[in-house]
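Colleague: Can you keep this structure in mind? I'll have questions shortly.
Each reported figure results from applying straightforward, stated rules to the coordinates on display, with no laboratory input. Not measured: the values here are computed from a predicted model. Using ideal geometry, Cβ is built from the backbone for each residue, glycine included, and neighbour counts are taken over all protein chains shown.
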Ligand SMILES: Cc1cc2nc3c(=O)[nH]c(=O)nc-3n(C[C@H](O)[C@H](O)[C@H](O)COP(=O)(O)OP(=O)(O)OC[C@H]3O[C@@H](n4cnc5c(N)ncnc54)[C@H](O)[C@@H]3O)c2cc1C
Ligand code: FES
Ligand code: FES
């Protein structure tokens, strides 16, 4: 059993125990190591000032196996196990700034400078992605997208976009060449051979190699919290609403990193991130991949797991309605063995799921829609990027035939309209019996009674759901 977290920081091997492992990475960098280039502003994953680059070599073979930006303010040091991290301090080489830093200077991309290291890391993440693809031309939309997780209060964004656009990618040296070595590969592979147990007076952390060990630990310590990537849990911890003191992490269970696509069936493991899922859906289910474009920020998607989003069971979570519309199954393992829970039976009440005590989600499974089907996902939030939904809606229709005159089957699910993500079953039935959209709109409004809150009033949520509903049929066609 290992009692240290092992990772590389700016090319140097680090081994840390329970005290450091319990800290947020940004605090560890700044207060333990004096690496103050990484800033802490919001401590909630919203501003990007704390961005660092992380390469997790265990996930191979996709275009996500690069140094990717993540938010260090909500990442526990324990979560770095097996990772190679680069901070802003290391970008400079032989006293010369990295091309993304030079560009910020030359394009006047910085005023007070507080956000600057975060922007530099976000832009460097894009540079890494482009170099890995051997694509040496900067694209303005990509430049803007890479910054959706970063906020600047004084410069204004245009000079920062100009800076990204001005980078000559041919001149950039990849960070893997500088900070990743064969020795690291060997060392970071080796860590997967042993489970990890860290214990101190205040922090207990177990990362087993097998699900059997995980289940035994949950039986022995029922107050344990499962942690995936802590993009939800880290915020709760920083807001002092709950302390992360006894944690179970599944990051050493290799089979949980797989996205398996066999025929039309897709199964994604509990450790699959939004970025990896998006990558694997680009050709298979582009509607889902495009929907994930407006999910959180690159920093959050690069580490946050899809299954964390389902297990979190937020009524405004973005993937639950999509998986409801896909009629997905949540696969679990627990003290009583394995279960396949239809996702329509998974969300029981506000933040309450069908998971029993000691039960762990291992994967989620769904079928790709058939050729005779239409599927769309919609999200409305106050800000287009990096904002939680006021309302989201997912609709999948299986048509009887190509004429789209009759509905064989339909699944409609919404978020932000009830205490749980909600299937709109009466509207589905009404449409199956009589494909009359005007009549179905009346049923639709009768099926939910949303709250008014800071994101939207109840009346506005009704308008949004109706508009998305009408928009679906306007976009996909279908007999009127
Ligand atoms: C700035 C910011 C922006 C965000 N934007 C969005 C957004 O646009 N849309 C959206 O829907 N969400 C958003 N989120 C929420 C969050 O990123 C997602 O819910 C994410 O998918 C959570 O995954 P995680 O791996 O970080 O989960 P964690 O925080 O580690 O865990 C979340 C919950 O899932 C449980 N859990 C995790 N894995 C398992 C498992 N295998 N079995 C059982 N339980 C498990 C944990 O115990 C915990 O209760 C945002 C968060 C932040 C900080
Ligand atoms: S400090 Fe704002 S995202 Fe981390
Ligand atoms: S330069 Fe001041 S916040 Fe961006």
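Colleague: Using the Cα atoms as the points, what is the convex hull volume per residue of the stretch 156-271 in Å³? Mind showing how you got there, number by number?
Modeller: Numbers: hull volume 28.9 nm³, N = 116.
Output value, Cα hull per residue: 249 Å³.
Colleague: Follow-up question, since we're still on this one. Please state the shape class of the stretch 230-289: rounded when a/c is under 1.5, otherwise prolate if a/b exceeds b/c and oblate if not, all from the C-alpha gyration tensor. The partial results should precede the final answer.
Modeller: Values: a/c = 4.28, a/b = 1.96, b/c = 2.19.
It is oblate, given that a/c is not under 1.5 and a/b is not larger than b/c.
Colleague: Also: Using only alpha-carbon positions, what ratio does the radius of gyration of the stretch 256-309 give when scaled by 2.2 N^0.38 Å?
Modeller: That ratio works out to 1.05.
Colleague: Let me ask you something else. State log₁₀ I(q)/I(0) for the stretch 193-253 at q = 0.18, 0.24 Å⁻¹ as given by the Debye formula over alpha-carbon point scatterers of equal weight, solvent excluded.
Modeller: The Debye formula, applied to the Cα set alone, gives -0.63, -1.03.
Colleague: Under Stokes-Einstein, with the Kirkwood radius over Cα pairs standing in for Rh, what whole-number D in µm²/s applies to the stretch 265-367 at 25 °C and 0.890 mPa s?
Modeller: For these conditions, the coefficient is 177 µm²/s.
Colleague: Return 105, 259 ranked ascending by Cβ neighbour count within 10 Å, so the fewest neighbours appear first. Intermediate results must be reported in sequence, preceding the final value.
Modeller: Numbers: 105 12, 259 18.
Starting with the residue having the fewest Cβ neighbours, the order is 105, 259.
Colleague: Still on this model: List the pair-distance distribution P(r) of the stretch 99-172, using every Cα-Cα distance, as the percent of pairs falling in each 10 Å bin from 0 up to the bin containing the longest distance, rounded to whole percents.
Modeller: 23, 59, 17, 1
Colleague: How far apart, in nanometres, would the label points at residue 466 and residue 402 be if each is projected 7 angstrom from Cα along the Cα-to-Cβ direction?
Modeller: Computed distance between label sites residue 466 and residue 402 equals 3.6 nm.
Colleague: A follow-up question, please. Work out how much length residue 141 to residue 352 would gain on full extension: take 0.36 nm times their residue separation and subtract the Cα-Cα distance, in nm to one decimal.
Modeller: On the way: separation 211, 0.36 × 211 = 75.96 nm, distance 3.90 nm.
This chain segment gains 72.1 nm when fully extended.
Colleague: Then there is this: Could I have the simple spin-label model distance between residue 338 and residue 245, label points 7 Å from Cα toward Cβ, reported in nm to one decimal?
Modeller: Once both label points are built, they end up 3.6 nm from each other.
Colleague: Let me ask something else about it. Rounded to the nearest 0.05, what FRET efficiency do residue 15 and residue 371 give with R0 = 51 Å and r taken as the Cβ-Cβ distance? Could you check?
Modeller: Numbers: r = 53 Å, r/R0 = 1.04.
It comes out at approximately 0.45.
Colleague: Relative contact order (percent) for the chain, with alpha-carbon contacts under 8 angstrom and 6 or more residues of separation?
Modeller: It rounds to 12 percent for the chain.
Colleague: Based on the Kirkwood radius over alpha-carbon pairs, what is the Stokes-Einstein translational diffusion coefficient of the stretch 416-480 at 25 °C with 0.890 mPa s viscosity, in µm²/s?
Modeller: Here the translational diffusion coefficient equals 196 µm²/s.
Colleague: Report the FRET efficiency, 1/(1 + (r/R0)^6), for residue 457 and residue 169, where r is their Cβ-Cβ distance and R0 is 51 Å, rounded to 0.05.
Modeller: Numbers: r = 47 Å, r/R0 = 0.91.
With a Förster radius of 51 Å, E is 0.65.
Colleague: State the antiparallel share, in %, of DSSP beta bridges confined to the chain, rounding to the nearest 5.
Modeller: 85 percent
Colleague: Can you give me the distance in nm between label points at residue 290 and residue 220, each placed 7 Å from the Cα along the Cα-to-Cβ direction?
Modeller: It is 5.1 nm.
Colleague: Let me know the Kirkwood hydrodynamic radius for the stretch 33-141, please, with Cα pairs as the basis and the value in Å to one decimal. Kindly include the intermediate steps, with their values, before the conclusion.
Modeller: On the way: mean 1/r = 0.0679 Å⁻¹.
Across the stretch 33-141, the inverse of the average 1/r is 14.7 Å.
Colleague: How large is the Kirkwood hydrodynamic radius of the stretch 373-476, in angstrom, based on all distinct alpha carbon pairs?
Modeller: 14.0 Å
Colleague: Among 290-299, 36-45, what's the highest-first ranking by average C-beta atoms within 10 angstrom per residue?
Modeller: Most protected by this proxy first, the peptides run 290-299, 36-45.
Colleague: A follow-up question, please. For helix 437-446, report the angle its Cα long axis makes with the longest principal axis of the Cα atoms of the chain; keep it between 0 and 90° and round to the nearest 10°.
Modeller: 70 degrees
Colleague: What is the helix-to-structure angle for 458-476, meaning the angle in degrees between its Cα long axis and the longest Cα principal axis of the chain, kept from 0 to 90 and rounded to the nearest 10?
Modeller: 80 degrees
Colleague: Could you tell me, in Å, what Rg and Dmax come out for the Cα atoms of the chain?
Modeller: 23.0, 72
Colleague: For the stretch 1-81, compute Rg over Rh where Rg is the Cα radius of gyration and Rh is the Kirkwood radius from the inverse mean 1/r over Cα pairs.
Modeller: Here Rg/Rh amounts to 0.97.
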